[in-house]
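The values are calculated or read from the model by the stated rules, or taken from the named source; none is laboratory data. None of the values given here were measured: they were computed from a predicted structure. Cβ coordinates were reconstructed from backbone atoms using ideal geometry, including for glycine residues, and neighbour counts include every protein chain displayed. Accessible surface areas use protein heavy atoms only, side chains included; no ligands, DNA or RNA. Shrake-Rupley method; radii C 1.70, N 1.55, O 1.52, S 1.80 Å.
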Amino acid sequence: MRLSRYFLPTLKETPAEAQIVSHRLMLRAGLMRQHAAGIYTWLPLGFAVLKRIEQIVREEQNRAGAQELLMSTIQSADLWRESGRYDDYGKEMLRIRDRHERDLLYGPTNEEVITDVFRGCVRSYKDLPLNLYHIQWKFRDEVRPRFGVMRGREFLMKDAYSFDLDLDSARHSYNQMFVAYLRTFARLGLKAIPLRAETGPIGGDLSHEFIVLADTGESEVECHGALLEKAVPEGVDYDGDLQPVVDAWTGLYAAADEMRDAAAADALGDTLVRARGIEVGHIFHLGKKYSEAMGATVTGPDGEPVTVTMGCYGIGVSRLVGAIIEASHDEHGIIWPASVAPFHVGLINLKTGDAATDAACATLYERLGPDRVLYDDRDERAGAKFADMDLIGLPWQVIVGPKGLAKGVVELKDRASGAREEVSTESALARLVG
RNA sequence: CGGGGCGUAGCUCAGCCUGGUAGAGCGCUAGCUUUGGGAGCUAGAUGCCGGAGGUUCGAAUCCUCUCGCCCCGACCA
């Protein structure tokens, strides 16, 4: 993509409305603009990142055996009356009335809808287990939206819902999601740890929240230091026994806020790590709360109806954009992990209009691939180009100027470390294409 | 929802206390000079001073109401 034709409104100064670093950088780097409190428009660069995150989430969900579908944003109030949550949910739910005076709502979550789909379509235990997910916009009318996309009212969320015949099977479904989450966050370039979470009315130990470590996180986290060094499982057989993997991750002390245990923490001594974190995922065993209320049953092996056991599993996709920035930035701007970067390389032409640099850049642009490169071909000063490129945080920069070309070199800069090397055009290509 | 703050040019903000012709920097447009870390000079364009009432000869400025946004707290499967 040529920057001269790309819609990338960057800001030199920080808009007054933004307080935390990810919010500031998202505005300054031209990722998004605020539309109303807690509601944002995603600009091309931000949208590209959002889609890359979404794709990684999708791939790992599919790999774990979940199937993607898409439920509507607008839901009927009747379903929520069935589950009993229409009155319980409170003002956080955005309620709408259509022209026929029917009560609708903008979905804050999808248990009712998915349960309705399930009970309408699934009849036999032979169709279980089943895990369905979608990646869809949600709306929760937070009293006080804040922190940009980290705590918006409208947000993009992946939510999966599992249906099982019994508790053992449900635990396996839970474990599949647990492992998929470990892999997902690792692929996103994040250090995420699972924390046991409050389970609410269901009880048991089947609820974990996944926290990304970042100094600016909302919650205070403490955990065994070894958790931070743990290798994420590769080549997982999702049909096999996942319990050992889950146990290995949950066996070490880790807790946030009200779940902290002073005695357990003290016992760790020097191995205890205290940090701050951002919640980016949450998995729950739901039991029969919705299936019972809404009559989601299948015929069991003995011919008798069985009320299915459910679980739900969320990942805050739009929140992850902010969380990644919180976890990965410096004073110059964003530092995207390669896996989510909107472009792999930023190509800087230091002297647009100079025949030699234009030609060298054109060659690099074509051979690196226009889809993977953001080519700054604007007629701007070098300083402005450097500043913008650092701000938007692409993993690599190739800097092409007349001085270097006279020596037969271009500069290759690693955004994360800031390290710069003078290399030949061919060697830059070899490094970046390979 | 309690408490506090802010709405003036695209952005950051001054002006308001003490009423009297709408301001600066950056950005934008044109030209010249510049050209390896957000350039210099010259000439321009840009405002319902968030909105509505009121006080006054006169309101960005004072009063009332209202809308929006931000911050702290409470809240956040």
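Taking every protein chain into account, the accessible area of segment A:345-433 amounts to 44 square angstrom per residue (probe 1.4 Å). A cut-off under 10 angstrom between Cβ atoms defines the neighbours of A:Ala341, and their net charge, with Lys, Arg +1 and Asp, Glu -1, is +3. Distance from the Cα centre of segment A:396-413 to that of segment A:79-143, in angstrom? Answer, in whole Å: 55. Of the trypsin sites (Lys or Arg not before Pro) found in segment A:58-143, those that fall in a DSSP loop while having at most 14 other beta-carbon atoms within 10 Å are A:Arg99, A:Arg102, A:Arg123.
Relative contact order for segment A:315-434: what is it in percent, counting Cα pairs under 8 Å that are at least 6 residues apart? Reported relative contact order: 27 percent. Starting from a Cα-only point model with no solvent, please compute log10 I(q)/I(0) by Debye for segment A:3-334 at q = 0.13, 0.14 1/Å. Here log10 of I(q) over I(0) equals -1.05, -1.20. Summing charges over all other residues whose Cβ lies under 11 Å from the Cβ of A:Gly38, with Lys and Arg as +1 and Asp and Glu as -1, gives +2. A straight Cα-to-Cα reach below 19 Å connects A:Lys385 with the aspartates and glutamates A:Glu13, A:Asp330, A:Glu331, A:Asp354, A:Asp358, A:Asp376, A:Asp377, A:Glu411, A:Asp414, A:Glu421, A:Glu422, residues fewer than 8 places away in its own chain not being considered. Charged side chains reduced to their Cβ positions (Lys and Arg at +1, Asp and Glu at -1) give chain A a dipole of some 1580 debye around its Cα centre. Only protein atoms count toward the accessible area here, which uses a 1.4 Å probe; on chain A, the carbon and sulfur part of that area reaches 49 percent. Taking all Cα pairs closer than 8 Å and separated by 6 or more residues, the relative contact order of chain A comes to 17 percent. Only helices enter the 222 nm calculation for chain A: every DSSP H run of n ≥ 4 contributes -39,500 (n - 2.57), and dividing by all residues gives -10000 deg cm²/dmol, rounded to 500.
Amide H contacts for A:Leu94 (H built 1.01 Å from N in the peptide plane; partners 5 or more residues away or on another chain; cut-off under 5 Å): A:Tyr106, A:Asp141.
Over segment A:3-334, accessible surface divided per residue gives 45 Å², non-protein components excluded, 1.4 Å probe. Only lysines eight or more places from A:Lys158 in sequence, or on another chain, were considered; those with a Cα closer than 26 Å are A:Lys51, A:Lys91, A:Lys138, A:Lys191, A:Lys230, A:Lys288, A:Lys289.
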